[in-house]
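Undergrad: Here's a structure for you.
The values are calculated or read from the model by the stated rules, or taken from the named source; none is laboratory data. Note that this is a predicted model, so its numbers are computed, not measured. All Cβ positions, glycine included, derive from the backbone under ideal geometry; neighbour counts span all protein chains shown.
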Amino acid sequence: MPQNFSNESGKAPDCAPALAAQLRISEYSYNLPEEKIAFYPLERREQSKLLVWENQQIKNSAFTALPQWLNKDDLLVFNRSRVIRARLYFFTNSGAQIEVFCLYPESPEKPEKSVMTWHCMVGRASKWKDEEILCLKNEAGLELSAQKRGRNNELFNIEFSWNRSEFSFYQVLEACGNLPLPPYLNRKPESDDALRYQTVYADEAGSVAAPTAGLHFTPEMLAQLEQKGVELAYLTLHVGAGTFKPVKSENLAGHTMHQEDYLIPLETIEKLATCKGKIVAVGTTTLRSLESALLTFHQTGDLKNTLTGQWAAMNSLNKSEIITGVCYRGMLEKMQSEGLAFIEGSTSLLIAPPYKIKAVQALMTNFHQPESTLLLLVAAAIGENWKEVYQYALEENYRFLSYGDTSLLFL
């Protein structure tokens, strides 16, 4: 599979519709006390609470009870992207510590020959002289060097080289890097995070943040679901650091969404096209991938190297209605006729009210930060009911954010 990576520049190709100027981010805020944030995972993945929103009612449940909320022939779609150890710490000749946060490679298709250039965020960049080469060495003798090769706005082009040609850059990161925990956890990674900040089914390296709705699943839970007749399918969206980007403008028209790349294999499209039950997106990244592919195919008929703009959802409001099953079957037919093994594209899609989600009938997702684009997505899924759901979760001591509890929201 080709490696796809996030383009953090996030330049949306289309202009903000008038509707976006009317959506004020302050309307999607709530008070999140620090004690409600899960700074560490529970002892076991499956111990999480599960809040279910169904038929306009809130039901308090446990994640271990998930199979009882699903039916035979329902389809769960997961994001199998794997978090890379994207944070590197170097020291300058003068002793200043420099943090290099690897976001995405300059040329994903370029063969790795002990040299690779990545677009990175650099902490304390002013302490790093332009001509200075930074080096680090691990206990096994692996040496990694970094040199600045230009800059594009807030991102630096960093050329990495290493002394073990048999190592890919991902193996170098695994050996020398640090796990990029969410900034709101405000702590350094610990030994447990290496396991717990990955889903059990992750197998495509590339994310700098975990698709956290999947963190609750265990191999045993996946087996239970399959035993019940629930179908499982997978796609890949490499989560970029932009997922944590706050909305700083008063309204949505002033916010630029981050861009991420996704890949949906033929097998998953086959299951979507033939699903007899409900389609459930496990996580906002899964939903963003499916909604982007569906919108773009409906509007253009394209499946290869597509680009879904930030306002594609809002701009579709006054256009022909998307019939989900028809679209998925059309995608499958085109893939089969053209011999495509997967759909691939880039998306800057912003999903927010009053847009109604088309790609799925339910969403599993954790509880998100106030005034975030992820909370806007939840509001698009269940409307103004998000306020009732979040107030209930706070009152019932649900744990919030990446390591927190989860919800199953039926649309």
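Undergrad: Looking at (1) part of a strand (DSSP E or B); (2) hydrophobic (A, V, I, L, M, F, W, C); (3) farther than 25 Å from A21 by Cβ, can you tell me which one F297 breaks?
TA: (1)
Rundown of residues vs (1) closer than 26 Å to A253 by Cα; (2) surrounded by fewer than 23 Cβ atoms within 10 Å (Cβ to Cβ); (3) assigned by TED's automatic domain parsing to the domain that holds E270, yes/no style:
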site: C327; (1), (2), (3): no, yes, yes
site: L350; (1), (2), (3): yes, no, yes
site: V378; (1), (2), (3): yes, no, yes
site: W386; (1), (2), (3): yes, yes, yes
site: V389; (1), (2), (3): no, yes, yes
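Undergrad: Being β-branched (V, I, T) and either within 28 Å of F297 (Cα to Cα) or part of a strand (DSSP E or B) (or both) is the filter here, so list the residues in segment 210-264 that pass it.
TA: Scanning segment 210-264 gives T212, V230, T236, V239, T243, T256, I264.
Undergrad: Does segment 177-196 hold any residues that are closer than 17 Å to R82 by Cβ and not in a loop (DSSP other than H, G, I, E, B), and which are they?
TA: The answer is N178, D193, A194, L195, R196.
Undergrad: Could you grab the pairs with beta carbons closer than 8 Å, sequence gap of 6+ or different chains, first residue in segment 370-391 and assigned to a loop (DSSP other than H, G, I, E, B), second one modelled with pLDDT under 95?
TA: E371/P246; E371/V247; S372/P246; S372/V247
Undergrad: Can you pull out every residue in segment 188-205 that is more than 26 Å from L235 (Cβ to Cβ) and either touching a strand residue (DSSP E or B) at 6+ places or on another chain (Cβ under 7 Å) or at pLDDT below 95 (or both)?
TA: Hits for segment 188-205 are K188, P189, S191.
Undergrad: Let me ask you something else. Could you please tell me which pairs satisfy a Cβ distance under 9 Å, a separation of 6+ or placement on different chains, a first residue in segment 333-353 that is within 8 Å of L266 (Cα to Cα), and a second residue that is of a type in the set (D, E)?
TA: Close Cβ pairs (under 9 Å, with a partner that is of a type in the set (D, E)) amount to M335/E270.
Undergrad: Going through E106, E166 one at a time, which residue ends up being within 30 Å of P211 (Cα to Cα), in contact (Cβ under 8 Å) with a residue 40 or more places away in the chain, acidic (D, E) and not assigned by TED's automatic domain parsing to the domain that holds P265?
TA: Among E106, E166, only E106 is within 30 Å of P211 (Cα to Cα), in contact (Cβ under 8 Å) with a residue 40 or more places away in the chain, acidic (D, E) and not assigned by TED's automatic domain parsing to the domain that holds P265.
Undergrad: Could you list, in sequence order, all residues of segment 355-411 that are over 20 Å from the mean Cα position of the chain (by Cα), small (G, A, S) and over 23 Å from A62 (Cβ atoms)?
TA: Scanning segment 355-411 gives a single hit, G383.
Undergrad: What residue, among those in segment 149-163 that are in contact (Cβ under 8 Å) with a residue 24 or more places away in the chain and charged (D, E, K, R), is surrounded by the most Cβ atoms within 10 Å (Cβ to Cβ)?
TA: The qualifying residue surrounded by the most Cβ atoms within 10 Å (Cβ to Cβ) is E159.
Undergrad: For segment 215-225, indicate whether the set of residues that are within 21 Å of T347 (Cα to Cα) and surrounded by 23 or more Cβ atoms within 10 Å (Cβ to Cβ) is non-empty.
TA: no
Undergrad: crowded, with 19+ Cβ neighbours inside 10 Å, part of a loop (DSSP other than H, G, I, E, B), of a type in the set (S, T, N, Q) and in the same structural domain as S292 (by TED's automatic domain parsing), is that true of T199?
TA: Taking the combined requirement at face value, the residue satisfies it.
Undergrad: Just checking, which of L50, L66, L42 is buried (at least 16 other Cβ atoms within 10 Å of the Cβ), assigned by TED's automatic domain parsing to the domain that holds G214, more than 21 Å from the chain's Cα centre (by Cα) and farther than 23 Å from A194 by Cα?
TA: L66
Undergrad: State which residue is surrounded by the fewest Cβ atoms within 10 Å (Cβ to Cβ) when the search covers only segment 129-146 and only residues that are within 31 Å of the chain's Cα centre (by Cα) and assigned to a loop (DSSP other than H, G, I, E, B).
TA: Among those that are within 31 Å of the chain's Cα centre (by Cα) and assigned to a loop (DSSP other than H, G, I, E, B), it is N138.
Undergrad: Between T365, T285, which is outside any strand (DSSP E or B), at pLDDT 95 or above and surrounded by 22 or more Cβ atoms within 10 Å (Cβ to Cβ)?
TA: Among T365, T285, only T285 is outside any strand (DSSP E or B), at pLDDT 95 or above and surrounded by 22 or more Cβ atoms within 10 Å (Cβ to Cβ).
To keep it simple, each residue is scored yes or no on (1) out of contact with any Cys (no Cβ under 7 Å at 6 or more places or on another chain); (2) over 17 Å from T92 (Cβ atoms); (3) modelled with pLDDT of 90 or more.
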| residue | (1), (2), (3) |
| --- | --- |
| E106 | yes, yes, no |
| A140 | yes, yes, no |
| E154 | yes, yes, no |
| E159 | yes, no, yes |
| P180 | yes, yes, yes |
